[in-house]
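Student: Dropping a structure here in structure tokens format, bear with me for questions.
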Amino acid sequence: MAVGVLSLLGFQLVDSAFIARLGTAPLAAQSFTFPLSFLIIGVQVGIGIAIAALISRALGAGETARARRLGALVLLGGSALIACLVVGLHVAQTPLFRQIGARPALLPLIRDYWAPQLLAAWLGAVLYFGYSLFRAHGDTRLPGKLMVLTSLLNLLLDPLLIFGVGPWAGLGLPGAAWATSLAFGSGLAIVGWRLGRSDWLTASGLVAEARRSTRPFLGIAMPAMVSQLMPPLAAMLATAVVATLGDERVAAWGLASRLETVSLMVVLALTMSLPPWLGRCYGAGHWQEIRRLMALAFRVVVVWQLALGVVMALLAPWLAAVLSGNPEVRDGLEALIRALLPSYALLGVCMVVVSAANALGWPLRAMLMSAARLFVCYLPCLWLGTRWGGDIVGTAWGAALGNLLAGALAYALFRHSLGDRGRVVESAA
């Protein structure tokens with residue numbers, strides 16, 4: 001999963017690197033779309049969390065037939081829900097982008113890019129639901145391979161569709177979104193073919209299963225969606241704060257956001273692969289196994305992210321030069337890399353805690369952890385850093401402090417929750 005996540009997030013960073021060659025305005029236009037794109041991702045991840053939790057628990061309890069019904073229900077319902085969200089974001093795009101600080105001059109660029117990007121978002125969401133089914137059944141190999149394949153397709157299509165080849169002119173900024181759409185569509189065709197050959201889905205008994213499972217599904221999915229929707233809301237607010245510093249700073253912030261997701265590849269892989277494993281342990285009542293898994297995950301996250309963050313901070317001038325040719329964008333990106341990347345050691349702990357809490361039947365606690373991370377720790381520190389520093393450097397160090405506080409708080413809350421569960425289990429025994 002780490003290899004797959006690296007390739008998937010890497011092509012998003014490649015998108016931004018290609019778009020940066022078009023100029024500051026296209027890069028800033030793309031950066032303004034990130035918060036709304038994260039909104040779609042938040043809904044799809046919330047649904048994916050519920051898929052993994054319920055199906056893995058059913059399999060752990062030996063309820064194979066129910067797992068098949070749940071898989072079919074979530075694929076149908078999730079695809080329809082994301083389609084409705086995509087249509088709504090297309091209709092309301094102008095007031096939304098104005099609200100987060102986009103200048104009128106950027107709106108035509110955003111409009112041309114947004115429609116194909118929404119198509120790519122829907123295809124990516126349905127593909128993600130398919131990945132969630134494979135992970136719930138213990139198969140992380142195929143999703144990882146397909147993430148690599150779609151990333152390579154996007155990498156090949158980006159220069160062709162953005163810049164063109166030979167006598168054929170490129171599409172410019174929208175070309176990046178069309179490349180992503182074609183790549184995701186190819187991956188979705190393969191997932192559909194593989195699911196058709198499996199026995200993980202069924203069309204029988206869906207109505208009765210929907211009546212039985214809607215409440216537990218919503219009990220996990222709704223808090224998980226709220227948890228996942230809070231980051232895009234926070235991203236909108238953060239982008240609005242950074243927009244007060246100018247388009248070059250917004251462009252640097254957008255590049256840093258792409259670099260953030262790539263640098264968190266191991267953490268994101270753990271948030272995808274741990275919940276099915278934890279769900280099976282939960283279904284079987286193996287709480288000692290859960291404690292060992294989480295202790296190992298915390299060690300991996302802290303050691304890996306801290307080492308990676310220090311190395312990338314040292315390489316910040318070279319990384320910024322590779323990703324942008326604009327001096328102002330480059331300077332801002334360099335400051336962001338140096339401050340933010342090492343702080344992801346504790347941000348990663350918080351992300352793993354939220355993912356695990358959903359799998360272990362604590363969706364409300366996961367939601368509260370997400371809210372505390374973003375609205376108690378991250379955004380206030382980011383705003384104070386921008387206000388006191390007056391430039392992107394202050395923003396960077398404020399955001400880094402927020403990440404550190406969030407990680408420490410999440411770890412303390414998780415230890416407390418696990419201790420409470422352990423006492424309940426011991427009392428029952």
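Student: What are the ³J(HN,Hα) values, in whole Hz, obtained from phi via the Karplus relation 6.51 cos²θ - 1.76 cosθ + 1.60 with θ = phi - 60°, for each residue of region 309-324 in sequence order, with x given for Gly and Pro?
Tutor: x, 5, 4, 5, 5, 5, 8, 3, x, 6, 4, 5, 5, 5, 7, 8
Student: For labels at Arg211 and Ala17 in the simple 7 Å Cα→Cβ model, what's the distance in nm?
Tutor: My value for the distance between the label points is 5.6 nm.
Student: Let me ask something else. Under 1.5 on a/c is rounded, so check that first for region 7-108, then, if it is not, pick prolate when a/b is larger than b/c and oblate when it is not; a ≥ b ≥ c are the square roots of the alpha carbon gyration tensor eigenvalues.
Tutor: prolate
Student: With label points built 7 Å along Cα→Cβ from the Cα atoms of Asp391 and Arg299, find their separation and express it in nm.
Tutor: Label-label distance for Asp391 and Arg299, simple model: 4.3 nm.
Student: Additional query: For a label point 7 angstrom out from the Cα of Gln99 toward its Cβ, which stretches of region 34-51 have the backbone nitrogen within less than 17 Å?
Tutor: Only 34-43 fall inside the zone, counting backbone N under 17 Å.
Student: Taking the Cα centre of the chain as the origin, how large is its charge dipole in debye, to the nearest 20, when only Lys and Arg (+1) and Asp and Glu (-1) carry charge on their Cβ atoms?
Tutor: It works out to roughly 1160 debye.
Student: Could you derive backbone 3J(HN,Hα) for region 270-287 from the dihedral phi with the Karplus parameters 6.51, -1.76 and 1.60 (θ = phi - 60°), listing whole Hz in sequence and x where the residue is Gly or Pro?
Tutor: With coefficients 6.51, -1.76 and 1.60, one gets 5, 5, 8, 8, 5, x, x, 5, 5, x, 5, 5, 4, x, 8, x, 8, 7 Hz.
Student: Just name one of Trp193, Leu323, Ile55: the one whose Cα is farthest towards the positive end of the charge dipole of the chain (beta-carbon charges, Lys/Arg +1, Asp/Glu -1).
Tutor: Selected residue: Ile55.
Student: Okay, next question. With label points built 7 Å along Cα→Cβ from the Cα atoms of Asp199 and Lys145, find their separation and express it in nm.
Tutor: Simple spin-label model gives 2.2 nm for this pair.
Student: By per-residue mean of other Cβ atoms within 10 Å, what is the highest-first order of 246-259, 102-115?
Tutor: Peptide ranking by packing, descending: 246-259, 102-115.
Student: To the nearest 0.05, what FRET efficiency results for Ala83 and Phe375 with a Förster distance of 51 Å applied to their C-beta separation?
Tutor: 0.95
Student: Highest mean first, what order results for 200-208, 315-323 on Cβ atoms within 10 Å?
Tutor: Peptide ranking by packing, descending: 315-323, 200-208.
Student: Over what distance in Å are the Cα centres of region 170-226 and region 28-53 separated?
Tutor: 13
Student: What are the residues whose amide H is under 5 Å from the amide H of Gly164, where those residues sit 5 or more places off or on another chain and H is modelled from the backbone?
Tutor: Gly170, Leu171
Student: Okay, moving on. Between Val310 and Leu364, what length comes free when the chain is fully extended (0.36 nm per residue of separation minus the Cα-Cα distance, one decimal in nm)?
Tutor: In short, 16.0 nm is gained.
Student: If you wrap the chain's Cα atoms in a convex hull and average its projection over all directions, what's the area in nm²?
Tutor: 20.2
Student: From the phi of every residue in region 369-382, what ³J(HN,Hα) in whole Hz does the Karplus formula 6.51 cos²θ - 1.76 cosθ + 1.60 yield, where θ is phi - 60° and glycine or proline is x?
Tutor: 4, 4, 4, 5, 4, 7, 9, 9, 9, 5, 5, x, 5, 4
Student: Name the residue farthest towards the positive end of the dipole of the chain from the options Gly394, Gly279, Phe97, assuming +1 on Cβ of Lys and Arg, -1 on Cβ of Asp and Glu, about the Cα centre.
Tutor: My answer, from the dipole projection, is Gly279.
Values quoted throughout were computed directly from the atomic coordinates according to the rules given, and no laboratory measurement underlies them. In this text the structure is predicted, and so the values were computed from the model without any measurement. Note that we place each Cβ from the backbone using ideal geometry, even for glycine, and neighbour counts take in every protein chain shown.
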